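J.: Structure incoming, see below.
The values are calculated or read from the model by the stated rules, or taken from the named source; none is laboratory data. A quick note: this is a predicted structure, and the numbers were derived from the prediction, not measured. With ideal geometry, Cβ positions are generated from the backbone for all residues, glycine too; neighbour counts draw on all protein chains shown. These area figures cover heavy atoms from the full protein model, side chains too; ligands, DNA and RNA do not enter into them. Shrake-Rupley method; radii C 1.70, N 1.55, O 1.52, S 1.80 Å.
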Amino acid sequence: MIRLSQHTEDRLDIELSNRKEAQLSLQLDNAINKSDINQIGCSRYDGKQAALADGAHGSHEINQRIGITSHASMDKFRSQIHVFGGWCYDRQGISNLNQIKPDMVAGFLGELCDRDYARNTVQSYASALEKFAVVLDQSYSTSTPRSESWHAAIEGVRDEISECVQKDTVARAYADPQAIIDNLPSERLQLVGDMQLHYGLRIADATKIDGGKIDADNVLTICNSKGGQDHHVQLTDADAQRVRDICGDRCIGIKQAEYRSALQTACEATGQTWNGSHGLRHNYAQHRMHELVDSGTSHSRALVIVSEELGHHRAEITHTYLDG
């Protein structure tokens, strides 16, 4: 299921088969790789100056000519286009990203408006679609540039977007998660926090880690995790020894309410907005995706790995953790 998160109950959920999910991810990877949108490591300022020198006028033309210059922006772009592509596959019956028409672009944004998504959320998707039109123009030959026709379609729904409720989307990942954990009042609470941040554990699993459940290869087994299944986590040597030192051969014995309360207090002490303990799993997923892709793992394979490490069984759910 592809799910675009938001504050209202009328959320957009899209069901795709595993085959279509894989097909969509592969097509998106191929399109990005064929284009020059990936400019990670380059200066956005230099790109803007080059666009101006090349005759670009206004923010629209400038943004069209500037690629994506950071990992975080690329992750968000992929996530948003994956949602849009899934919507086109499911609602419009296409089987190839090259088949997307301008009316589908307008229809997608219009549905977000109808479902009362926040204005900045819809505007963010509109900006991603503007960039994706350029990606497709560079990847597939066409007589009429999508960047022109898609822009016109997006402009056609600007009035609808302007009527959306203006509210900020809650970003779940923390700006400085380690500072929060370091401000927890005990070694046991800090260990729970680090297990969430460094291994992506759910709060229910992190608060019942057991030193007696670590085998000779430093694999920690968390019994009866979500869905009643055992969850296996490969710890580093240092973290395995840390768990043994703090827990001995018993469960850590931290109550979820105790940990949650301490974490909230630590957020306040470090000047960060309380986003729940789940925010640490968002930090883990985003860091882990960067780590895997930087080491040569394909984006689609990285989604699978991170999903499994988070204790899920569907690659597409990882997108939820990358979008904020």
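J.: Give the relative contact order (percent, whole number) for the range 107-217; include only Cα pairs under 8 Å separated by 6+ residues.
T.: Dividing the mean separation by the residue count of the range 107-217 yields 27 percent.
J.: Okay, next question. In the chain, what % of DSSP beta bridges are antiparallel (nearest 5)?
T.: Counting DSSP beta bridges with both partners in the chain, the antiparallel share is about 90 percent.
J.: Spin-label point model (7 Å from Cα, Cβ direction): what's the SER300 to GLN99 distance in nm?
T.: Between SER300 and GLN99, the simple spin-label model gives 1.7 nm.
J.: In percent, how large is the relative contact order of the range 203-324, given Cα pairs closer than 8 Å and 6 or more residues apart?
T.: So the answer I get is 20 percent.
J.: What FRET efficiency comes out for the pair SER261/ASP116, r = Cβ-Cβ distance, R0 = 25 Å, nearest 0.05?
T.: Using R0 = 25 Å, I get an efficiency of 0.15.
J.: Per residue, how much accessible area does the chain have with a 1.4 Å probe, in Å²?
T.: Spelled out: the 1.4 Å probe surface of the chain, per residue, equals 47 Å².
J.: Would you please state which residues of the range 241-284 a label at ASN224 would reach in this model, taking the label point 7 Å out along Cα→Cβ and a backbone N cut-off of under 17 Å?
T.: It comes to 250-256, nothing else.
J.: Where in the chain lies the longest segment free of trypsin sites (Lys or Arg not before Pro) that are both loop residues by DSSP (not H, G, I, E, B) and have at most 12 other Cβ atoms within 10 Å?
T.: The segment 1-249 is the longest one with no such site.
J.: For HIS313 and LYS20, calculate 0.36 nm times their separation in residues minus their Cα-Cα distance, and state this gained length in nm to one decimal.
T.: Gain in length upon complete extension: 103.9 nm.
J.: Check cross-link reach from LYS226 to the lysines: straight Cα distance under 18 Å, and skip same-chain residues fewer than eight apart.
T.: Counting by Cα, and skipping residues close in sequence, LYS226 has these lysines nearby: LYS208, LYS213, LYS255.
J.: Evaluate the charge dipole of the chain about its Cα centre and quote only its size in Debye, nearest 20, assuming +1 on the Cβ of each Lys and Arg and -1 on the Cβ of each Asp and Glu.
T.: 220
J.: Follow-up question, since we're still on this one. Tell me the label-point distance for the pair ALA204, ILE40, using the 7 Å Cα-to-Cβ offset, in nm and rounded to one decimal.
T.: About 3.3 nm, to one decimal.
J.: Using only the alpha-carbon atoms, how far is helix 187-199 inclined from the longest principal axis of the chain? Give it as 0 to 90 degrees, nearest 10.
T.: Roughly 40 degrees between the two axes.
J.: Computed FRET efficiency, Cβ-Cβ of TRP274 and ASP13, R0 25 Å: what is it to the nearest 0.05?
T.: That pair, TRP274 with ASP13, gives E of 0.40.
J.: Might you report the magnitude of the Cβ-based charge dipole of the range 70-229 about its Cα centre, with Lys and Arg at +1 and Asp and Glu at -1, to the nearest 20 debye?
T.: The calculation lands at about 220 debye.
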